Amino acid sequence: MSRLLVVDDEANIRLLYAEELADEGHEVVTAASIAEANIKLQDGAFDLAVLDIKLKNESGIELLQKLVKERHDMPVILCSAFSCYKDDFSAWLADGYVVKSGDLTELKQEIVRVLAKKAQRVKAGL
Amino acid sequence: MDWECCWDRDAIAMGDCPNIREGDEDLLASRQRRILEKCCDCANFSRDLQHFRESRHPLADVFGMLHDEYRLQKNQIQSLVSFLDNKTLEVRFLHELGSVLQSSVDLEEVLSVALTAITAGKGFGMNRAFLLLTDREHAILKGYLAIGPRNYEEASQVWNEIACNDMDLQTLAQNFRQNKLSSERAKFHDILEQLSVPISSTDHLLIRALEDKHPILIEDAFHNPNVTAGLAHLLGVDTFLLMPLHSRNRRVGLIIADNCITHRRISENDMHSLETFTFPVAFAIERASLYDRLQVELSRITEAGNKLKEQQELIVRMEKMALVGRITSSIAHSIRNPLMIIGGFARSILKNTPPSDPKRDFIESIVSETRQLEGVLDEILNYSDSLYPTRDFWDVNQMVETSVRDVQELLIQRACECHFEPEITLPLAYIDLKQVSYCVRTLIVSDIDGRSGEIVRITATGHDGSIQLRIEDSQRKVSQDELDALLTPFAITHDMGTGLGLALCRTMLDKQGLPFVVIAPPEGGITYMITLPTQKEEES
């Protein structure tokens with residue numbers, strides 16, 4: 001079981017992710033803002049974070065940069081309503097990028113892929 | 001006393017006076033006028049005067065003195081009248097010349113008038129003239145134009161022609177400009193080429209003449225220490241005149257004039273007249289040159305203005321497009337989140353709803369409708385992206401292979417095949433990779449949409465600086481109406497679904513200026529052809 005942090009400012013999206021990803025066997029912790037995410041990050045380790053890019057008055061990219069710097073062992077998947085951020089250099093820091101959709105199959109597959117990659121890295125001692 | 005002259009008679013008959021000829025008949029009956037106009041200069045009258053002196057009359061000597069003085073003054077008056085007539089002609093000529101020179105800003109016209117005036121019989125009557133102009137950019141005095149005959153035969157022919165046509169100066173200049181300017185330049189090309197001297201060569205006679213600002217008459221050129229042997233042989237005359245052209249202290253150029261055919265002496269008078277003439281000529285040349293440069297600058301500014309206007313229009317259009325893009329993107333984002341929540345929860349509920357549950361159909365409908373709406377949303381966002389193509393050089397083979405790989409899963413689901421054989425020697429194409437990849441994917445997906453067992457063939461071949469990309473399905477049958485609808489944004493077709501698909505492809509390709517042709521013959525098959533450039537527009 002993997003422990004996932006989901007950051008999204010939309011309460012219903014957080015609820016949907018929590019339900020669906022829990023069904024996939026993950027432990028899901030949600031946060032509505034960067035501040036809340038920071039608090040949750042202090043509570044314990046996470047295997048992966050799913051970040052929305054456009055948070056109310058904040059940017060998920062900012063949190064991504066912080067995580068890359070401070071928690072480089074924790075992979076991040078960006079999940080946004082905008083496909084254009086895919087071309088943003090800062091977004092390239094993330095391990096995955098998924099455009100939001102009612103069909104969470106792609107997100108779920110991306111989580112599996114990124115976690116597998118992380119496991120390989122750990123195994124290789126990188 | 002018998003007088004030999006007729007001065008003592010009130011009226012005389014024709015033949016009585018040797019000085020009265022046809023046209024002077026009115027003097028026959030007018031004694032006073034006859035004495036003043038004819039008798040004073042008549043040999044008979046002189047003899048009568050001599051007889052009068054011999055008579056020793058006291059008034060005879062006084063009369064003789066008065067007669068001599070009268071004749072002297074009469075000659076002086078005649079000489080002054082002649083001088084005045086000449087000056088009047090000269091003023092008229094200069095006025096005529098000045099009018100043309102002042103009213104023209106055409107350099108060729110000014111030069112034609114100037115050189116014609118120097119060489120025409122009605123002008124200064126020189127045989128030949130060379131015009132040298134100062135090239136400030138290259139700091140050189142350069143032979144520019146010449147006029148005149150090169151030998152006796154030509155001189156005889158040209159002067160006869162001018163005499164027969166009896167043209168005024170302006171007509172002569174016009175005639176020269178229209179018919180002879182180029183041929184005269186070609187005729188004297190060899191001499192003009194050698195009449196180029198750097199301004200820095202201050203020892204050179206031509207540069208000295210230019211600096212001195214006064215005409216110089218060169219005589220005995222072949223033995224003159226001031227004239228190089230080269231220049232003397234080049235001109236082939238021993239006497240020539242150098243006239244500098246100055247306008248407001250600016251060195252405009254130099255005129256060399258000579259009488260190489262008639263060898264008529266160049267007088268002081270000729271020099272002064274020509275010196276007077278050079279002022280308006282220099283001014284007119286300077287003005288016409290400035291006008292030429294002004295025209296060049298004006299056309300540059302006009303061109304720059306037009307470019308600026310185009311850029312402004314482009315900026316306004318791009319701002320509008322950017323606004324449309326931002327609005328579209330913002331709306332799409334506002335719709336996507338709720339759509340995702342509806343679709344996501346509907347799928348979640350569906351998972352936990354047994355197949356027998358009558359509500360399952362309703363939930364499936366929600367899932368299916370939200371999926372379709374998400375598809376439309378993607379197309380709208382792609383449309384707003386299509387407003388800004390970003391082009392660069394890309395490998396078409398790689399682009400097609402990646403695009404086919406992206407739709408591979410769908411091809412397998414539909415039991416369809418897509419074949420692409422890359423051409424190894426294909427050059428890079430100058431395209432927006434993202435947009436053209438989207439078009440290739442969309443064309444494949446659109447072709448197999450709702451079908452199974454289709455075989456799509458893709459080829460990319462190089463043709464005259466471009467790459468022809470063909471996507472072909474020989475089994476597909478599409479009517480013209482359906483094809484038109486497919487290529488129209490947001491049009492709905494019964495059999496082929498809705499949306500922007502092909503219409504968006506066409507818009508994207510249009511914006512990049514890439515020709516896009518769809519051929520769907522009635523007998524079946526459909527072929528999409530996209531022509532991709534291999535060079536940037538400015539290079540091609």
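The values are calculated or read from the model by the stated rules, or taken from the named source; none is laboratory data. These numbers were taken from a predicted model, which means no experiment stands behind them. Note that we place each Cβ from the backbone using ideal geometry, even for glycine, and neighbour counts take in every protein chain shown.
Among all residues of the range B:436-453, there is none that is assigned to a strand (DSSP E or B), more than 19 Å from B:Ile519 (Cβ to Cβ) and aromatic (Phe, Trp, Tyr). Residues of the range B:1-31 that are loosely packed, with under 12 Cβ neighbours inside 10 Å, among the small types (Gly, Ala, Ser) and at negative phi: B:Ala11, B:Ala13, B:Ala29.
So for the range A:70-84 (the condition being assigned to a helix (DSSP H, G or I) and either in contact with a Gly (Cβ under 6 Å, 6 or more places away or on another chain) or within 14 Å of chain B (Cβ to nearest Cβ) (or both)), does at least one residue qualify? Within the range A:70-84, one or more residues are assigned to a helix (DSSP H, G or I) and either in contact with a Gly (Cβ under 6 Å, 6 or more places away or on another chain) or within 14 Å of chain B (Cβ to nearest Cβ) (or both).
Among the residues that make up the range A:47-57, is at least one of them within 14 Å of chain B (Cβ to nearest Cβ) and exposed (fewer than 14 other Cβ atoms within 10 Å of the Cβ)? For the range A:47-57, residues within 14 Å of chain B (Cβ to nearest Cβ) and exposed (fewer than 14 other Cβ atoms within 10 Å of the Cβ): present. Regarding B:Ala29, is this residue out of contact with any Asp or Glu (no Cβ under 8 Å at 6 or more places or on another chain) and part of a loop (DSSP other than H, G, I, E, B)? No; evaluated as a whole, the condition is false for this residue.
Taking residues in the range B:190-215 that are in contact (Cβ under 8 Å) with a residue 24 or more places away in the chain and buried (at least 19 other Cβ atoms within 10 Å of the Cβ), and partners anywhere that are among the basic types (Lys, Arg) and not in a loop (DSSP other than H, G, I, E, B), the pairs with Cβ atoms closer than 7 Å and at least 6 places apart or on different chains are B:Leu210/B:Arg251. Taking the criterion of being within 13 Å of chain B (Cβ to nearest Cβ) and closer than 21 Å to B:Ser334 by Cα, the residues of the range A:7-41 that qualify are A:Asp8, A:Asp9, A:Glu10, A:Ala11, A:Asn12, A:Ile13, A:Arg14, A:Leu15, A:Leu16, A:Tyr17. Tell me whether the range B:85-102 contains one or more residues that are farther than 22 Å from B:Ser267 by Cα, in a strand (DSSP E or B) and in contact (Cβ under 8 Å) with a residue 40 or more places away in the chain. No, the conditions are met nowhere in the range B:85-102.
Residue by residue, here is whether (1) modelled with pLDDT under 85; (2) surrounded by fewer than 19 Cβ atoms within 10 Å (Cβ to Cβ) holds:
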residue: B:Leu428; (1), (2): no, yes
residue: B:Thr488; (1), (2): yes, yes
residue: B:His494; (1), (2): yes, yes
residue: B:Gly497; (1), (2): yes, yes
residue: B:Cys505; (1), (2): yes, no
residue: B:Tyr528; (1), (2): no, no
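For the range A:89-122, taking the residues that are within 14 Å of another protein chain (Cβ to nearest Cβ) and in a helix (DSSP H, G or I), the one that is surrounded by the most Cβ atoms within 10 Å (Cβ to Cβ) is identified as A:Leu107.
Screening the range B:158-184 for residues that are closer than 19 Å to B:Ile261 by Cα and surrounded by 12 or more Cβ atoms within 10 Å (Cβ to Cβ) and picking the one that is modelled with the highest pLDDT gives B:Glu184. Are any of the residues in the range B:326-334 within 13 Å of chain A (Cβ to nearest Cβ) and in a loop (DSSP other than H, G, I, E, B)? No, the conditions are met nowhere in the range B:326-334. Whenever a residue of the range B:1-26 is under 23 Å from B:His51 (Cα atoms), its partners that are exposed (fewer than 14 other Cβ atoms within 10 Å of the Cβ), lying with C-beta atoms within less than 6 angstrom and at least six residues away or across chains, give the pairs B:Glu4/B:Arg47; B:Cys6/B:Asp16; B:Ala11/B:Ala29.
The rows are residues; the columns are (1) touching a Ser or Thr at 6+ places or on another chain (Cβ under 7 Å); (2) in a helix (DSSP H, G or I); (3) surrounded by 18 or more Cβ atoms within 10 Å (Cβ to Cβ).
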{"residue": "B:Ala346", "(1), (2), (3)": "yes, yes, yes"}
{"residue": "B:Asp357", "(1), (2), (3)": "no, no, no"}
{"residue": "B:Glu369", "(1), (2), (3)": "no, yes, no"}
{"residue": "B:Glu401", "(1), (2), (3)": "no, yes, no"}
{"residue": "B:Leu410", "(1), (2), (3)": "no, yes, no"}
{"residue": "B:Thr425", "(1), (2), (3)": "no, no, no"}
